[in-house]
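Take a look at the structure below.
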Amino acid sequence: MENAKHTPGPWRTNGQEIVQPRPNNAPMSIATCSFSAENKPICGANAAFIVRACNSHEAMLEALLLVNENNDGVLTLDAIQAVRAAIAQAEDK
(Lines give C-alpha, C1' and ligand atoms only; values in the text may rest on other atoms or scores of the structure.)
Protein backbone atom coordinates (compact mmCIF):
# COMPACT_ATOMS: atom_id res chain seq x y z
CA MET A 1 0.00 0.00 0.00
CA GLU A 2 2.94 2.36 0.41
CA ASN A 3 3.14 2.87 -3.39
CA ALA A 4 -0.57 3.57 -3.73
CA LYS A 5 -1.51 6.71 -5.66
CA HIS A 6 -4.55 8.90 -5.11
CA THR A 7 -7.39 8.91 -7.60
CA PRO A 8 -6.45 11.25 -10.43
CA GLY A 9 -8.38 14.47 -10.84
CA PRO A 10 -10.15 16.52 -11.63
CA TRP A 11 -12.64 15.69 -8.93
CA ARG A 12 -16.19 16.98 -8.71
CA THR A 13 -18.88 17.13 -6.06
CA ASN A 14 -22.53 16.25 -6.42
CA GLY A 15 -23.58 17.56 -3.04
CA GLN A 16 -21.95 15.71 -0.16
CA GLU A 17 -20.20 13.15 -2.36
CA ILE A 18 -16.79 13.69 -3.99
CA VAL A 19 -16.51 11.87 -7.30
CA GLN A 20 -14.22 11.38 -10.26
CA PRO A 21 -16.18 11.83 -13.49
CA ARG A 22 -15.51 9.04 -15.97
CA PRO A 23 -16.44 9.09 -19.66
CA ASN A 24 -19.28 6.71 -20.52
CA ASN A 25 -19.55 5.45 -16.93
CA ALA A 26 -21.12 6.50 -13.69
CA PRO A 27 -18.82 8.74 -11.62
CA MET A 28 -16.50 6.90 -9.25
CA SER A 29 -17.11 7.79 -5.60
CA ILE A 30 -14.01 9.02 -3.78
CA ALA A 31 -15.50 10.15 -0.47
CA THR A 32 -18.78 11.09 1.12
CA CYS A 33 -19.12 13.78 3.74
CA SER A 34 -21.55 12.38 6.26
CA PHE A 35 -24.37 14.62 7.32
CA SER A 36 -27.48 14.96 9.36
CA ALA A 37 -30.39 17.19 8.47
CA GLU A 38 -29.01 20.13 10.43
CA ASN A 39 -25.49 20.07 8.98
CA LYS A 40 -26.20 19.07 5.37
CA PRO A 41 -25.25 22.54 3.99
CA ILE A 42 -21.96 22.44 5.90
CA CYS A 43 -21.12 19.01 4.47
CA GLY A 44 -21.78 20.26 0.96
CA ALA A 45 -19.50 23.24 1.58
CA ASN A 46 -16.82 20.92 3.00
CA ALA A 47 -17.03 18.66 -0.05
CA ALA A 48 -16.71 21.66 -2.38
CA PHE A 49 -13.71 22.94 -0.41
CA ILE A 50 -11.97 19.54 -0.56
CA VAL A 51 -12.55 19.37 -4.33
CA ARG A 52 -11.16 22.90 -4.89
CA ALA A 53 -8.09 22.14 -2.74
CA CYS A 54 -7.37 18.83 -4.45
CA ASN A 55 -7.99 20.12 -7.97
CA SER A 56 -5.72 23.15 -7.46
CA HIS A 57 -2.91 21.31 -5.65
CA GLU A 58 -0.73 20.65 -8.71
CA ALA A 59 -1.13 24.21 -10.05
CA MET A 60 -0.23 25.72 -6.67
CA LEU A 61 2.80 23.45 -6.33
CA GLU A 62 3.96 24.33 -9.84
CA ALA A 63 3.56 28.06 -9.12
CA LEU A 64 5.49 27.79 -5.86
CA LEU A 65 8.27 25.88 -7.60
CA LEU A 66 8.53 28.62 -10.24
CA VAL A 67 8.72 31.28 -7.52
CA ASN A 68 11.27 29.23 -5.58
CA GLU A 69 13.46 28.76 -8.68
CA ASN A 70 13.78 32.52 -8.97
CA ASN A 71 17.17 33.13 -7.36
CA ASP A 72 17.62 36.79 -8.23
CA GLY A 73 14.53 38.06 -6.39
CA VAL A 74 12.68 39.17 -9.52
CA LEU A 75 9.62 37.18 -10.45
CA THR A 76 9.29 36.11 -14.05
CA LEU A 77 6.10 36.67 -16.01
CA ASP A 78 5.66 32.87 -16.14
CA ALA A 79 5.82 32.68 -12.34
CA ILE A 80 3.33 35.51 -11.88
CA GLN A 81 0.92 33.98 -14.39
CA ALA A 82 1.25 30.56 -12.73
CA VAL A 83 0.50 32.07 -9.31
CA ARG A 84 -2.54 33.93 -10.64
CA ALA A 85 -3.85 30.80 -12.40
CA ALA A 86 -3.39 28.73 -9.24
CA ILE A 87 -5.22 31.32 -7.15
CA ALA A 88 -8.11 31.44 -9.65
CA GLN A 89 -8.35 27.66 -9.66
CA ALA A 90 -8.30 27.48 -5.86
CA GLU A 91 -11.00 30.16 -5.71
CA ASP A 92 -13.00 28.26 -8.36
CA LYS A 93 -13.06 31.20 -10.79
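Here are the numbers for this structure:
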| item | result |
| --- | --- |
| Length-normalised contact order of the chain in % [C-alpha pairs under 8 Å, at least 6 apart] | 22 |
| Cα-centre dipole for the chain with unit charges at Cβ (Lys and Arg positive, Asp and Glu negative), debye to 20 | 420 |
| Rounded to whole Å, sorted largest first: equivalent-ellipsoid semi-axes of the range 46-88, Cα gyration tensor | 24, 9, 6 |
| Computed FRET value (nearest 0.05) for GLU69 with ALA4, which takes r as the C-beta separation and R₀ as 22 Å | 0.15 |
| Cα-based Rg / Dmax (Å) for the chain | 16.8, 54 |
| Karplus 3J(HN,Hα) series, Hz, for the range 49-59 with 6.51 cos²θ - 1.76 cosθ + 1.60 (x for Gly, Pro) | 5, 4, 5, 4, 5, 5, 5, 9, 4, 5, 5 |
| Listed residue (VAL83, SER29, ASN46) projecting farthest to the positive dipole end of the chain, Cβ model | SER29 |
| Cβ-based net charge around ALA82, under 12 Å, with every Lys or Arg adding one and every Asp or Glu removing one | -3 |
| Coil-residue GluC sites (Glu not before Pro) of the chain, DSSP, other Cβ within 10 Å capped at 10 | GLU2, GLU91 |
| Surface accessible to a 1.4 Å probe, THR32 within the full protein complex, Å² | 90 |
| Computed Kirkwood radius, in angstrom, where 1/r is averaged over Cα pairs of the range 1-45 | 11.9 |
| Computed [θ] at 222 nm, deg cm²/dmol, the chain (DSSP H ≥ 4; -39,500 (n - 2.57); rounded to nearest 500) | -16500 deg cm²/dmol |
| Under 5 Å, built H, 5+ apart or other chain: amide partners of ILE30 | ILE18, VAL19, GLN20 |
| Whole-Hz couplings from phi, Karplus 6.51/-1.76/1.60, listed for the range 36-43; x for Gly and Pro | 10, 4, 7, 10, 4, x, 5, 5 |
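The values are calculated or read from the model by the stated rules, or taken from the named source; none is laboratory data. These numbers come from a predicted model, not from an experiment. All Cβ positions, even for glycine, are placed from backbone atoms using ideal geometry, and neighbour counts span all protein chains on display. Areas reflect the complete protein model, heavy atoms only, side chains present, ligands, DNA and RNA absent. Shrake-Rupley method; radii C 1.70, N 1.55, O 1.52, S 1.80 Å.
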